[in-house]
1. Considering each residue of the range 298-349, count those that are over 55 Å from the mean Cα position of the chain (by Cα), in a strand (DSSP E or B) and surrounded by 17 or more Cβ atoms within 10 Å (Cβ to Cβ), and give that number.
2. Give the range 9-38 a look and list any residue that's under 24 Å from TYR77 (Cβ atoms) and either touching a Pro at 6+ places or on another chain (Cβ under 8 Å) or open to solvent by less than 40 Å² (accessible area, probe 1.4 Å) (or both), or say none.
3. Out of the residues in the range 252-270 that are assigned to a strand (DSSP E or B) and of a type in the set (S, T, N, Q), state the one that is most open to solvent (accessible area, probe 1.4 Å).
4. Scan the range 188-206 for residues that are crowded, with 17+ Cβ neighbours inside 10 Å and farther than 14 Å from ASN138 by Cα and jot them down.
5. Please give the number of the condition HIS273 fails out of (1) surrounded by 13 or more Cβ atoms within 10 Å (Cβ to Cβ); (2) assigned to a loop (DSSP other than H, G, I, E, B).
6. Report those strands (runs of 3 or more DSSP E) wholly inside the range 463-536 carrying at least 1 residues which are at pLDDT below 85.
7. Looking only at the range 132-163, how many residues end up being free of Cβ contacts under 8 Å to residues at least 40 places away in the same chain and either within 46 Å of the chain's Cα centre (by Cα) or not in a strand (DSSP E or B) (or both)?
8. Given the criterion open to solvent by less than 60 Å² (accessible area, probe 1.4 Å) and either of a type outside the set (Phe, Trp, Tyr) or farther than 30 Å from ASN334 by Cα (or both), identify the matching residue among ALA285, ALA249, ALA235.
Amino acid sequence: EYQDTVRVKASPDYGYHFVKWTNARNDSLSSDALFTFVLTRDTTLQAHFAKNSYTVILSKVGNGRTEIADSLYSYEYQGTVRVKAFPDYGYHFVKWTNARNDSLSSDALFTFVLTRDTTLQAHFAKNSYTVILSKVGNGRTEIADSLYSYEYQGTVRVKAFPDYGYHFVKWTNAGNESLSTDTLFAFALTRDTTIRAHFAKNSYRVTLFSAGNGRAETTDNLYSHEYQDTVRVKASPDYGYHFVKWTNARNDSLSSANPLAFALTRDTTLQAHFAKNIYHVILPADVNNTVETADGKLAYAYGETVRVKATAGYGYLYLIKWTNARGDSLSSANPFTFVLTRDTTIQAHFLAVNYQVSLFTGKNGTVKSGAREYAYNTQAEVSAEPDTTYHLLKWVNAQRDSLSNANPYRFVVKETMELTAVFERDKCLVTVDKTEGGQVTGSGYYDYNTLVRMEAVADSGHVFTGWMAGDSFNIKVSDRSKFSFTLTEKAFTAYRAVFAAKTGNEFLPAGAEAQAYYADGVLHLVHLEGYFISVGTMKGERVLQFTADSDSAEYAVTLPAGVYILNGAKWKERYVVRKFMVK
């Protein structure tokens, strides 16, 4: 009704707020959401609402910064807000949370719709970096707390342990830049890091000493070497000394090798030990005299004093002098004292008694040289000259014992001697030749008064007629094919066997004719009774041998085709009967 009191109320939606009431003419009436007025007419009221404005508050946890993309920090209800997180170096963005610490997003650029005052917090965390260890040389590495992954600026402690014989040199990075020379190296980790430990061999010292009478040195004249290097040391003894062994600083025996090679593993002290050489006194044997050292030894250390003494024996009078191996005179003292510095040969020379050597000869030669006086135990040489056609048979002594057949004859004189040269005649050459038609034996050299045997064998178709001798072979000495004689100075020394060709059946009975032929597998013989028959081929191969048993004999025998020669022999006579053919 007119002048009634009216109360109106405006209730904004969530995210909105009431602004004012206006009338139909849009005149502002009130800004109170609960509006009371007195109604005097029909009235139109309009409630005006507007979006709320909300604030965005940004904060952070950790090293980094935040910003709103459009640089505004107040937005209307449902306005789109974009916030961005920027981690500092060595950090990374983790997440956005609200005032209640609820996680909202893990994206560094976060977009959302604003519906209330909002507080956002950006969370940053340190990066994790990896440590990679490597090495050069012999040794090992480790990280002190056994971790190989650390947060940004975390303290890393690495440690290097060189192997025996090696030492640590330095730490380097991936670019080979030197970082530290301390075996325990601590650093702040700001990135993935490769760190390398460098090891090198130790250098050791070789110290050499000599225990007198020599020197010791390295073969390369270097006295500092790296671990496990091969070192060669050699010892050079002084004259009269020899190397014995190497010992270490504790005097432990190490080796007798010289030079000595070893691998160096520590500072090493070596001492070379030397000893005097042992030399020998050589006294050549003397069967007649006594030569010896005063103390009976023949081996002495270098520089020792040696006394030798000599005693003359049978055939000698006294010591003349001492000489060395070259024959140089040393002394005539007896005993003789000297210092031994090497193997030494010392010869004692004695004055010998002289002995007469007399020479004699028999017939057929003369003595040539060697008859005179000789000192005892010296060498004599005697020679003889035989007459023509004679030679020296032997030398004999006064008791006729044979001594030698050498000419000249050398021997050692130990007493008075009488030697006789005995000669004998040379061997004689006996020559035996022949005429055509046979073969002979018996030529050669023969001693006089020995038997010479000769034999003549006639060829087929020939007969032996006798042995001839003399200057022109005009003296017949025998008609026997086998002839022997004793060789004397008067005997002939040249002989000739004379052969003659057969002219027919000279030895058959008068008026008889020997015949031989082969027919129908039978060999027929005529007038050959008692003859020794030999049948052979033209090449000299014998195929039959037998004695004919009758004057007219037949012998069954198979002969291959060819030409054959039949020989018949009776007593000392031979002849060829004939040739015959087998078809």
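The values are calculated or read from the model by the stated rules, or taken from the named source; none is laboratory data. What you are looking at is a predicted structure, and each value in this text was computed from that prediction instead of being measured. Counting neighbours? That spans all protein chains shown, and the Cβs are built from the backbone with ideal geometry, glycine included. Surface areas here come from the heavy atoms of the whole protein model, side chains and all, with no ligands, DNA or RNA. Shrake-Rupley method; radii C 1.70, N 1.55, O 1.52, S 1.80 Å.
1. Total satisfying the criteria: 3.
2. Listed by number, the residues that qualify are ALA10, GLY15, PHE18, TRP21, THR22, SER30, ALA33, PHE35.
3. Of the residues in the range 252-270, the ones assigned to a strand (DSSP E or B) are 253-255, 260-263, 268-270.
Those left that are additionally of a type in the set (S, T, N, Q): 253, 255, 268-269.
Details: SER253: 78, SER255: 32, THR268: 27, THR269: 46 Å².
Restricting to residues being assigned to a strand (DSSP E or B) and of a type in the set (S, T, N, Q), the top hit is SER253.
4. Of all residues in the range 188-206, those crowded, with 17+ Cβ neighbours inside 10 Å come to 189, 193, 195-202, 204, 206.
Selection gives LEU189, THR193, ILE195, TYR204, VAL206.
5. (2)
6. Working: elements: 475-478, 482-486, 494-501, 515-519, 522-526.
Correct list: 494-501, 515-519, 522-526.
7. Let us first name the residues in the range 132-163 that are free of Cβ contacts under 8 Å to residues at least 40 places away in the same chain, namely 140, 142-143, 145-151, 154-163.
Still in the running and either within 46 Å of the chain's Cα centre (by Cα) or not in a strand (DSSP E or B) (or both): 140, 145-148, 160-163.
The total comes to 9.
8. Numbers: ALA285 fails: open to solvent by less than 60 Å² (accessible area, probe 1.4 Å); ALA249 fails: open to solvent by less than 60 Å² (accessible area, probe 1.4 Å).
Checking each option against the conditions leaves just ALA235.
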